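Below: the structure, in C-alpha cells.
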Amino acid sequence: MTAAPAHAPLLEVRDLAKHYVARGATLRALDGVSFDLARGEVLGIVGESGCGKSTLGRTVLRLVDPTAGSIRFDGEDITALSRRDMVRRRRDMQIVFQDPFGSLNPRHRVAEIVGEPLEVHEVGDRAGRRARVAELLDLVGLASDAGGKYPHEFSGGQRQRIAIARALALEPKLLVADEPVSALDVSIQSQIINLLAELRQRLGLAMLFISHDLSVIRHVSDRIAVMYLGRIVEIGPAAALFDAPAHPYAQALLSAIPHTDPARRRERIILSGELPDPANPPPGCAFHTRCRQALPRCVGEAPLLAARRTATGTRMVACHLHDVG
Ligand code: SF4
C-alpha cells in the first residue's frame, strides 16, 4: 500500500453513519457525516454530550464499525478492512482518551506503557526501544526517571502526558484527542492543550480534537465542526466561525464564551431544554425544538449542509435561514 499524494487529504469521511438498535429503537449516534482532513491539519469537533462526536472519533479509527458511509485514510479505503489489516493501519492513527486514570495499566511501569506499541509492532531492538521511550518522555515534558515509575505516582496532567507519549510512539499521521483535558483541573488544561499544539507543529500531526467546550479547542484548531444529534451543522475556519457563527446552535455555544474584547461581547443565548433523545430525534431540523429563530418550514424540512455566504466568508452550514432565494 503506497501513501496518497502529499496534496491529497489525509482523511476523507463520507456519509458516515453509526446506528445502534436497542429494544426496538434505532439510536442514530452518527447520521451522515462528511468531511476531509488535510495532512497536519487540526479539526476541532464540538457539541454537547450525546451529539455523536466521540462516536465519530472512534468510528473514524474503526474502533467501532460504521453502519454506512466510507472512510479513506492516506489514500486507502479502510471502511471494511479486516481486524488484522486495521492493526497494520492503526500504526498511523492513534487516540488519546479523556480519562488518563483509566487508560493506563496501573501495574505497568511508565516505560512499559509507552514502549508497548513498539513491542506490539516489533519496532527496533531492545536498546532502540529504550532510547525511543526516553525520547518520547522528553518530547512530552516528563523527567527522564519517569519511565521507572508507576502511573499512580503521577498527577492527572502528567498521566495525560504519558498517554500522549504512548500515542506518539509509532509516529502516527493522525491523532484523535477525545476530550483530552476534560478530566483535568482547569489550571492543568492549558498546559496539555499547549503541549498538543506544540507537538502538532513539531511533528506535522493531523488531529481530530474533540471537546464539548469551544473555548478548549479554539486555539488548537484550524477548522471547527459543530455537531448536533449525529450531524455536522456548521464547519469552517476556526477564526471565521468564532467571529461570526452562522448556525443558531453554533451561535448559542459561542455566546457562552466570554469575549476578551468588551466591545465585541455577545448576548448570552441560553439553550432551552435538553438535547432530544437521539433514538427519537425531532423531525425536520433536529434543532428546531430549541431554536429561537425557527421558521415554520423547519418543523418538516431538514436543512442540508451546504456552502452558504456568511459575514466572514463562505462556510458549510445546515440551516434554512441561510437558504438562498
Ligand atoms: Fe433554527 Fe430552522 Fe435553522 Fe434549524 S433550520 S437552526 S430550526 S432556523
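The values are calculated or read from the model by the stated rules, or taken from the named source; none is laboratory data. Note that the structure is predicted; figures quoted are calculated from it, not measured. Note: ideal-geometry Cβ built from the backbone for every residue, glycine included; neighbour counts use all protein chains shown. When the accessible area is computed, the model is the full protein with side chains, heavy atoms only, and any ligands, DNA or RNA have been set aside. Shrake-Rupley method; radii C 1.70, N 1.55, O 1.52, S 1.80 Å.
In this structure, does GLU234 turn out to be open to solvent by less than 40 Å² (accessible area, probe 1.4 Å), within 11 Å of the ligand (Cβ to nearest atom) and not hydroxyl-bearing (Ser, Thr, Tyr)?
Taking the combined requirement at face value, the residue satisfies it.
For segment 107-219, give me every one of the helices (runs of 4 or more DSSP H) that falls completely inside it and has 3 or more residues that are under 30 Å from ILE235 (Cα atoms).
Result: 156-168, 186-203, 214-217.
Of the residues CYS291, CYS298, CYS285, which single one is farther than 22 Å from LEU43 by Cβ and part of a helix (DSSP H, G or I)?
After ruling out the rest, the residue left standing is CYS298.
Taking interchain pairs and intrachain pairs at least six residues apart, which have beta carbon atoms under 7 angstrom, with the first residue in segment 265-278 and open to solvent by 50 Å² or more (accessible area, probe 1.4 Å) and the second hydroxyl-bearing (Ser, Thr, Tyr) and assigned to a loop (DSSP other than H, G, I, E, B)?
From segment 265-278, the pairs are GLY273/THR289.
State all residues of segment 313-325 that are open to solvent by 60 Å² or more (accessible area, probe 1.4 Å) and either near the ligand (Cβ under 8 Å from one of its atoms) or modelled with pLDDT under 95 (or both); if no residue qualifies, say none.
THR314, LEU321, VAL324, GLY325
Read through the list (1) under 26 Å from CYS51 (Cβ atoms); (2) more than 12 Å from the chain's Cα centre (by Cα); (3) crowded, with 19+ Cβ neighbours inside 10 Å, then give the number of the only condition that VAL176 fails.
Result: VAL176 passes all but (2).
With the requirement that a residue be closer than 15 Å to ALA29 by Cα and open to solvent by 40 Å² or more (accessible area, probe 1.4 Å), what does segment 65-89 give you?
Within segment 65-89, ASP65, THR67, ALA68 meet the criteria.
Considering only segment 102-150, state which residues are modelled with pLDDT under 95 and in contact with a Gly (Cβ under 7 Å, 6 or more places away or on another chain).
none
Among the residues in segment 93-114, are any open to solvent by 60 Å² or more (accessible area, probe 1.4 Å) and touching a Leu at 6+ places or on another chain (Cβ under 8 Å)?
no
Pairs under 7 Å by beta carbon, first residue in a loop (DSSP other than H, G, I, E, B) in segment 240-253, partner surrounded by fewer than 24 Cβ atoms within 10 Å (Cβ to Cβ) and hydroxyl-bearing (Ser, Thr, Tyr), six or more apart or different chains?
ALA244/THR310; ALA244/THR312; ALA246/THR310
Take the residues in segment 289-312 that are open to solvent by less than 30 Å² (accessible area, probe 1.4 Å) and farther than 29 Å from THR26 by Cβ, then tell me which one is farthest from the ligand (Cβ to nearest atom).
Among residues in segment 289-312 that are open to solvent by less than 30 Å² (accessible area, probe 1.4 Å) and farther than 29 Å from THR26 by Cβ, the one farthest from the ligand (Cβ to nearest atom) is THR310.
Quick check: is even one residue across segment 275-288 within 16 Å of the ligand (Cβ to nearest atom) and of a type in the set (A, V, I, L, M)?
So far as segment 275-288 goes, yes, one or more of its residues are within 16 Å of the ligand (Cβ to nearest atom) and of a type in the set (A, V, I, L, M).
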